[in-house]
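S.K.: My structure is below; once you've seen it, I'll send some questions.
The values are calculated or read from the model by the stated rules, or taken from the named source; none is laboratory data. A quick note: this is a predicted structure, and the numbers were derived from the prediction, not measured. For neighbour counting, all protein chains shown are included, and Cβ atoms are generated from backbone atoms with ideal geometry for every residue, glycine included.
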Amino acid sequence: MKLSEKDAELFFMLYQPLLLYTNKKLKVTRRIKSIADIRKASLDPETGAVRDALYKHTEVIDEFISENPWDFSDEELHIVEDWKNFVASDYFLLYSYKKEHALFIDLSPPTKVYGVLALHKPFKTLFGSNLPIMLRAVLLPFKGKIVYDGITVKYPFTFGPGMLEMFDVAYSEAEEKYGIITKLPFIEKEA
């Protein structure tokens, strides 16, 4: 339910420089000046602000690829380019853990279910087993799979039986309509 260590390292090797580049281009915060600052502040709201700025200004991805300041290979740059196919939501529901991935339900209309892999640590280690939980997160394509970017906001909500039933219905309807989405970009099949 998570990437291999090698793939997780590759993800961060590409993503952290992109965030640093974004901060330098968009001047989001003065506190982040190096990759080490990004690593230290991965759960810091300022890192989240840099991430949010990146997805509001996806042209930064094109500039990063064009300049290639870290001399990434063509294959690595293609991975970065794919991140323009992100899915961001303030209303992801981490619904359940399956053997192959965690199920994230995007409750923003139209509701969809994504099969998401964790990075270094399994989601159960990060978020526990008391599901569902509401998250703000960004999902990214990565080597034919979907990952999250490692930066989340967990909302302090608890859900009663009525809400849990509503989530079960939302899951069933979304899975029936779209299936469990395991690749981005998602292309809806013609009926």
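S.K.: Quick one: in segment 150-164, of everything that is in contact with a helix residue (DSSP H, G or I) (Cβ under 8 Å, 6 or more places away or on another chain) and hydrophobic (A, V, I, L, M, F, W, C), which residue is modelled with the highest pLDDT?
M.R.: My answer is Phe159.
S.K.: Any residue in segment 135-146 that's over 9 Å from Leu184 (Cβ atoms): show its pairings with residues that are among the β-branched types (Val, Ile, Thr) at Cβ separation under 6 Å, as long as the two are six or more apart or on different chains.
M.R.: That search, which allows pairs on different chains as well, returns Leu135/Thr152; Arg136/Val153; Ala137/Thr152.
S.K.: Taking segment 17-33, which residues are within 18 Å of the chain's Cα centre (by Cα) and closer than 20 Å to Asp74 by Cβ?
M.R.: Pro17, Leu18
S.K.: So which of Asp106, Asp82 is charged (D, E, K, R), buried (at least 16 other Cβ atoms within 10 Å of the Cβ) and touching a residue at least 24 places away in the same chain (Cβ under 8 Å)? Give the derivation first.
M.R.: Details: Asp106 fails: touching a residue at least 24 places away in the same chain (Cβ under 8 Å).
Result of the check over Asp106, Asp82: Asp82.
S.K.: Only one of these is out of contact with any Leu (no Cβ under 7 Å at 6 or more places or on another chain), modelled with pLDDT of 95 or more and in a strand (DSSP E or B): Val113, Val138. Name it.
M.R.: Just one listed residue meets the conditions, Val138.
S.K.: Please work out which residue is nearest to the chain's Cα centre (by Cα), limiting yourself to segment 135-166 and to residues that are buried (at least 17 other Cβ atoms within 10 Å of the Cβ) and within 11 Å of Leu94 (Cβ to Cβ). Full working, then the answer.
M.R.: Applying the first criterion (buried (at least 17 other Cβ atoms within 10 Å of the Cβ)) to segment 135-166 yields 135, 137-142, 145-152.
So of that shortlist, the ones also within 11 Å of Leu94 (Cβ to Cβ) come out as 135, 137, 148, 152.
Working: Leu135: 11, Ala137: 5, Tyr148: 3, Thr152: 8 Å.
It comes out as Tyr148.
S.K.: So, in segment 150-191, exactly how many residues are polar (S, T, N, Q) and either assigned to a strand (DSSP E or B) or under 30 Å from Glu46 (Cβ atoms) (or both)? Please lay out each step first, then the result.
M.R.: As a first pass, look at segment 150-191 and keep what is polar (S, T, N, Q): 152, 158, 172, 182.
If we keep only those that are either assigned to a strand (DSSP E or B) or under 30 Å from Glu46 (Cβ atoms) (or both) too, we end up with 152, 158.
The total comes to 2.
S.K.: Quick one: would you say Ser108 is modelled with pLDDT under 95 and either within 15 Å of the chain's Cα centre (by Cα) or not acidic (Asp, Glu) (or both)?
M.R.: yes
S.K.: Answer yes or no as to whether Val147 is modelled with pLDDT of 95 or more, part of a helix (DSSP H, G or I) and assigned by TED's automatic domain parsing to the domain that holds Lys98.
M.R.: It is false that Val147 is modelled with pLDDT of 95 or more, part of a helix (DSSP H, G or I) and assigned by TED's automatic domain parsing to the domain that holds Lys98.
S.K.: State all residues of segment 61-94 that are at pLDDT 95 or above, within 15 Å of the chain's Cα centre (by Cα) and of a type in the set (Phe, Trp, Tyr); if no residue qualifies, say none.
M.R.: Of everything in segment 61-94, those that are at pLDDT 95 or above, within 15 Å of the chain's Cα centre (by Cα) and of a type in the set (Phe, Trp, Tyr) turn out to be Trp83, Phe86, Phe92.
S.K.: Scan (1) out of contact with any Lys or Arg (no Cβ under 9 Å at 6 or more places or on another chain); (2) β-branched (Val, Ile, Thr); (3) outside any loop (DSSP other than H, G, I, E, B) for the single condition Thr29 breaks and write down its number.
M.R.: With respect to (1) out of contact with any Lys or Arg (no Cβ under 9 Å at 6 or more places or on another chain); (2) β-branched (Val, Ile, Thr); (3) outside any loop (DSSP other than H, G, I, E, B), Thr29 is out only on (3).
S.K.: I've got another one for you. Do you know which residues across segment 106-118 are over 13 Å from Ile146 (Cβ atoms) and in contact with a strand residue (DSSP E or B) (Cβ under 7 Å, 6 or more places away or on another chain)?
M.R.: Leu107, Ser108, Thr111
S.K.: Is at least one residue of segment 34-52 under 23 Å from Phe186 (Cβ atoms) and either assigned by TED's automatic domain parsing to the domain that holds Phe157 or crowded, with 18+ Cβ neighbours inside 10 Å (or both)?
M.R.: yes
S.K.: Mind counting the residues in segment 119-142 that are out of contact with any helix residue (DSSP H, G or I) (no Cβ under 7 Å at 6 or more places or on another chain) and aliphatic (A, V, I, L, M)? Break it down into steps so the answer makes sense when it comes.
M.R.: We begin by selecting, within segment 119-142, every residue out of contact with any helix residue (DSSP H, G or I) (no Cβ under 7 Å at 6 or more places or on another chain); these are 121-131, 134-137, 139.
Those still in the list that are aliphatic (A, V, I, L, M) too: 126, 131, 134-135, 137, 139.
Summing the residues that are out of contact with any helix residue (DSSP H, G or I) (no Cβ under 7 Å at 6 or more places or on another chain) and aliphatic (A, V, I, L, M) in segment 119-142 gives 6.
S.K.: Now for a different question. If you scan segment 81-110, which residues turn out to be under 30 Å from Ser66 (Cβ atoms), part of a strand (DSSP E or B) and among the hydrophobic types (A, V, I, L, M, F, W, C)? Explain how you work it out, then say what you get.
M.R.: Just the residues of segment 81-110 that are under 30 Å from Ser66 (Cβ atoms), to begin with: 81-89.
With part of a strand (DSSP E or B) added as a condition, the list becomes 87-89.
The answer is Val87, Ala88.
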